[in-house]
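Taking it in order: structure first as C-alpha cells, then the write-up.
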Amino acid sequence: MLGTAGAIRGALDLLAPTFLVTYGDSYLPFDYAAPLRELDAHTDCDGVMSVFKNDGKWDPSNVVTDGAWVLRYEKGNPDPAFDHIDYGAIAVRREVIAALPAGQASGFDAIQRELARKKRLRAHLAHARFFEIGSPEGLATLERHLQAPPS
C-alpha cells in the first residue's frame, strides 16, 4: 500500500496546480472551495488545512492553531494545547506532491506535520462539527442530525 500521499503521487499528472484532499469517511458541512480560495490567495503557504475547535469532543484533537496558521499537527498527543482537529479537507499545491519520491509509501499526515513545522500550512476555521460516517454508529448520528428540526 502506498498510503494516501503515495497514492496521490501516483496520480500526479492528473492534479491541478491546487487541489483538495478530503476524507472519504466524513460528512463536512462547510464550503469545500474555501480552503482552495485561501490557498490561491496566499503565496506564503503550500497548504490550507480546515480545522475545527474540537477540544477532544468528537475525536482526539490533533492541531494547535493561532487562527491563521497550523502551528503543530500530531495525532494522539494528549497535550491540552491541541484543541482543534483536522476537519478532513486540506488544499495543497501540486508541487508538494511532486516533491515526493514516485512509488514510495507515504502517509498524508507526514505532509501535514512537515508543512506545519515549516510554517507553510495555513488554517481555515470550520464552524460546524464534522460527522464521521465510516461506521454504522457514525452514520446513524448523521442521519439523526439531518432529520432533526432546525434549531
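The values are calculated or read from the model by the stated rules, or taken from the named source; none is laboratory data. Model, not experiment: these values are computed from the prediction. Glycine gets a Cβ as well: all are built from the backbone with ideal geometry, and neighbour counts include every protein chain shown.
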Checklist entry - Do we find that Phe52 is in a strand (DSSP E or B) and surrounded by 20 or more Cβ atoms within 10 Å (Cβ to Cβ) in this structure? => result yes
Next on the checklist: I'd like to check something: does region 91-104 contain any residue that is closer than 19 Å to Gly47 by Cα, small (Gly, Ala, Ser) and surrounded by fewer than 22 Cβ atoms within 10 Å (Cβ to Cβ)?
Outcome noted: yes
Next on the checklist: When you check Arg9 against the structure, is it more than 23 Å from Leu139 (Cα to Cα), surrounded by 15 or more Cβ atoms within 10 Å (Cβ to Cβ) and modelled with pLDDT of 95 or more, yes or no?
Outcome noted: yes
Checklist entry - Restricting attention to region 128-151, which residues are of a type outside the set (Gly, Ala, Ser) and loosely packed, with under 12 Cβ neighbours inside 10 Å? => result Pro136, Glu137, Arg144, Leu146, Gln147, Pro149, Pro150
Checklist entry - Do any residues in region 131-142 that are of a type in the set (A, V, I, L, M) have Cβ atoms under 7 Å from those of residues that are surrounded by 11 or more Cβ atoms within 10 Å (Cβ to Cβ) and not in a helix (DSSP H, G or I), where the two are at least six apart or on different chains, and which pairs are they? => result Ile133/Asp25; Ile133/Ser26; Ile133/Tyr27; Leu139/Ile133; Leu142/Tyr27; Leu142/Phe131; Leu142/Ile133
Checklist entry - Quick check: is even one residue across region 28-37 in contact (Cβ under 8 Å) with a residue 24 or more places away in the chain, of a type in the set (A, V, I, L, M), crowded, with 23+ Cβ neighbours inside 10 Å and closer than 12 Å to Arg122 by Cα? => result no
Next on the checklist: Please count how many residues of region 10-46 are aromatic (Phe, Trp, Tyr), within 24 Å of Gly107 (Cα to Cα) and out of contact with any Phe, Trp or Tyr (no Cβ under 7 Å at 6 or more places or on another chain).
Outcome noted: 3
